[in-house]
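Here the structure is laid out as C-alpha cells; the discussion comes afterwards.
The values are calculated or read from the model by the stated rules, or taken from the named source; none is laboratory data. Since the model is a prediction, treat every value here as computed from it, not as a measurement. Please note: Cβ atoms are built from the backbone with ideal geometry, for glycine as well, and neighbour counts cover all protein chains shown.
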Amino acid sequence: MSAPLLHRRAGEVVANRPLGAYRQLSVVLPALATPARPGQFVITPPARADQVLPRTWWVAGERTEPGFGTTLELVVPDPPGGSGALPAPGDELLLTGPVGRGFGLPTTPVTAVVATQGAAGAAGRWLCERLRTVGCAVHLVSCADEPEQHVDLVLARRSADGVILTEPAGAEAALTSLTERVHPSVLYAVGPLSLSRTVAEVAAGTGAVSQVSGVDIGADGLCGHGLCGACDLPLHESAGSGSTVRPCAEGPVLRGGLVDWEAAQ
Amino acid sequence: MSAWLPRVTAAAGCGGSGRELARFGDLAALDAVLIGPIGPPGADDAGGAGRARARLAASPSGLVHTPAPALPVEHVVEDLLPWFRARGLPVVCAVRGGTAGAVADVLQELRRSLDFTTVAAVEVDLTTDREETRAAGVLGPTDRVGPWSADPQACLKLLASAREQLPRDLLLTAKLAGECPDPLATSRAAVGGGARALVLSGSVPAVGPPRQHLVGPAIGPVTLGLVTRIRAAIAAGRVPDVPLVAVGGVHDIRTARQARATGAAGVQLGTALLADPQVLWDVHQALTTVSPPPPVSDTTD
Ligand code: FES
C-alpha cells in the first residue's frame, strides 16, 4: 500500500463564474504532491443533506504555485434552479482527488484527435493543450445538443489545430471523415460512454489506439469511489471470461480496445 | 454469548471487492473486511443479476438500487483471498445463491482455497431470491419463488447445509431484511440451522423492476425497528440468544451508536461509504471507545 491514501480535503472556492452553459469553479487546495492531469476527476459530497450519492466532476485545469497551493479548475453543469447548489467564492468545498490515472500522452509528437461532449469539453480542451506541449498536432471534435453547450470555443480554438463541432448523433461521421483526412495515431474520448464507444470503434477501424473515459463523470447514480459497481464495464473475452473493469477505481481512462462495448449495451 | 463479531464492516455490495477500500484507509485498523456478495462460478448468480452493473437512483434521503453484481467465487479465490491473507487481514465472505446447492458450491470453493485461513466469518444472504428446479421440459430450468427469508424451512435447510461446509468454529451469520414477512420465524430458523449471529437490514422492496430496494438514511428507523423486535424476542426466549448486526440507515457515528444502544453488537455501513469511505474508520474508532451493547435483560418489549 505505497500509494498515498485518498482523503477528503477542504478546499476554498476562489471563483464561481459563468462559462457559456456551465459554471467554472476555481478551488484552492494545499499543494498537490503530483501534478493533476487531464482525465482525472474529483469527488465532492452531495449538494444537499437529503442526498446520498456524492457528485463527480472532471478536472479541467490545474496550477500549482509553491507556497500558495494548488488551484483546480472545475467546469460543471449549471444546476437546475440557478447556481444555488454550487459553492460561492469564499465557501469551503470538500474534495477527494484528483482521482484516477488520467490520459497518457504520446512519447513522440504524433497527430491526435480528442472528442468531447458536454461539460467534459473543458477536460478535453485541457488535454488538447497538454498534447500540444508535447509537440502533437491536435484536432478537437466537440459534441453538443445545443450550440451554446460547446465549452469555451474561443479557448478551444487556441488549444487545437482544428475544431469540429457536431451534434452527438453526428460524432461517428465527423470522426470517420476526420481520421481519413488527418490519419491520427491516437484518438481520445472524454465524455459519456456512447462517445467513448464511438471513438473506440472508429480507432479500431483505422488501426489507431484509443484512450477513452470509462465512466460518465458528472452523471447521476455514481459513487466515484469504486464501491458500488454502477460503472462496471465488461472486457473482451481475451481478458478472461466474465472479466469486468471498474472504471472509477481502475480508470477512469481505459484503452478503448479492451472494453466489450457490445456487451456494455 | 461472546462470539467474535466485527464491530463494523461495509455492507455486502457497498464495499467493492474490499480492496478498493484500501485506497481510503488502513484496512489493518479494522476488525475485518467484508467482501461480497460472492456468487457461484460462472456469469449468472442467484436472481439473474449476473455481472450486470448495479443501478442506483437517488430518492429523498436514500437510494433505490438493483442488486450489486456478484463477485464470481473463482475471482475471490484466485485474486482476493490471497491478497487479504498476504496482509493478514481477516475477511467476512458474504455469500449469495439461489439454491442451497449454489451456496454450498461457493463455500466449497472458498474452503478449498489455501487462503481460507484468512476467512473469519461467512454471511449467508437470505434477502436474495430462492430458485426451485422445475420439472424437466417446462420452460426454464428454475423458477424464482421469492426471497429465502419468506420461507423459514428453506432458510433452516440452507443454513444447515452451509454449516456443514464450514469448520465448526467459523462464525456463520444470516442476513434478512425488510422483505421478510415473519422475522421472528426466519431468525429462529436461521439460528436453528446454525447461524451464530443475525444481520438485520431495514432495506425494503421498492418500485421499478423486480428486486429493487430502498436503502440509505431513509430506512434507518426500519432497521432499528427490526433490531428492537428481535432483541425483544430474544429477551422473551422466542429467538435463541445470538448477537445482532444492524445494517441499513447506519451512516455515521451517531446512527451507529444508536444501533448499538438498540441492541446491535455490530453495524454495517452501506450507502454512507458511497458518499465518503472514510466513515468506515470514523465509526470503527467511535465504536472502539464505547462500552459493549446492553445485556438482553435491559431490552424492554
Ligand atoms: S461509480 Fe460506484 S463503483 Fe464506479
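Observations on the model:
- Residue A:220 satisfies every condition listed in (1) within 8 Å of another protein chain (Cβ to nearest Cβ); (2) more than 17 Å from the chain's Cα centre (by Cα); (3) surrounded by fewer than 20 Cβ atoms within 10 Å (Cβ to Cβ) except (2).
Residues are listed down the side, and each one gets a yes or a no for (1) surrounded by fewer than 17 Cβ atoms within 10 Å (Cβ to Cβ); (2) under 25 Å from residue A:219 (Cα atoms); (3) touching an Asp or Glu at 6+ places or on another chain (Cβ under 7 Å):
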site	(1), (2), (3)
A:164	no, yes, no
A:169	yes, yes, no
A:186	no, no, no
A:190	no, yes, no
A:198	no, yes, yes
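- Filtering A:172, A:148, A:167 for residues that are more than 23 Å from residue A:203 (Cβ to Cβ), charged (D, E, K, R) and over 15 Å from the mean Cα position of the chain (by Cα) leaves a single hit, A:148.
- Hits in segment A:227-242 (condition: on the phi < 0 side of the Ramachandran plot and crowded, with 17+ Cβ neighbours inside 10 Å): A:227, A:228, A:230, A:231, A:232, A:233, A:234, A:235
- Among the residues making up segment A:237-249, those that are modelled with pLDDT of 90 or more and either more than 18 Å from residue B:35 (Cα to Cα) or near the ligand (Cβ under 9 Å from one of its atoms) (or both) are A:246, A:247, A:248, A:249.
- Set A:37, A:23: member being part of a strand (DSSP E or B), more than 14 Å from every other protein chain (Cβ to nearest Cβ) and either over 30 Å from residue B:220 (Cβ atoms) or at pLDDT 95 or above (or both): A:23
- Selection from segment A:250-265 of residues that are part of a loop (DSSP other than H, G, I, E, B) and either more than 16 Å from the ligand (Cβ to nearest atom) or within 8 Å of chain B (Cβ to nearest Cβ) (or both): A:260, A:261, A:262, A:263, A:265
- Candidate set from segment A:233-248 (those that are of a type in the set (S, T, N, Q) and not in a loop (DSSP other than H, G, I, E, B)); member that is nearest to the other protein chains (Cβ to nearest Cβ): A:244
- Restricting segment B:262-280 to residues that are of a type in the set (S, T, N, Q) and outside any strand (DSSP E or B), the residue that is farthest from the other protein chains (Cβ to nearest Cβ): B:262
- Test: residue in segment A:164-182 that is within 16 Å of the ligand (Cβ to nearest atom) and touching a residue at least 12 places away in the same chain (Cβ under 8 Å): no
- Test: residue B:192 is touching a residue at least 60 places away in the same chain (Cβ under 8 Å), surrounded by fewer than 17 Cβ atoms within 10 Å (Cβ to Cβ) and not in a strand (DSSP E or B): no
- Condition check for residue B:223: of a type in the set (S, T, N, Q), in contact with a Gly (Cβ under 6 Å, 6 or more places away or on another chain) and away from chain A (no Cβ under 14 Å): yes
- Residue selection: residue B:237 satisfies the criterion of being small (Gly, Ala, Ser) and either more than 18 Å from the chain's Cα centre (by Cα) or in a strand (DSSP E or B) (or both).
- Each residue in segment B:235-259 was checked for being in contact with a helix residue (DSSP H, G or I) (Cβ under 8 Å, 6 or more places away or on another chain) and crowded, with 23+ Cβ neighbours inside 10 Å, and 10 of them qualify.
- Identity of the residue in segment A:211-232, assigned to a strand (DSSP E or B) and in contact with a helix residue (DSSP H, G or I) (Cβ under 6 Å, 6 or more places away or on another chain), that ends up nearest to the ligand (Cβ to nearest atom): A:213
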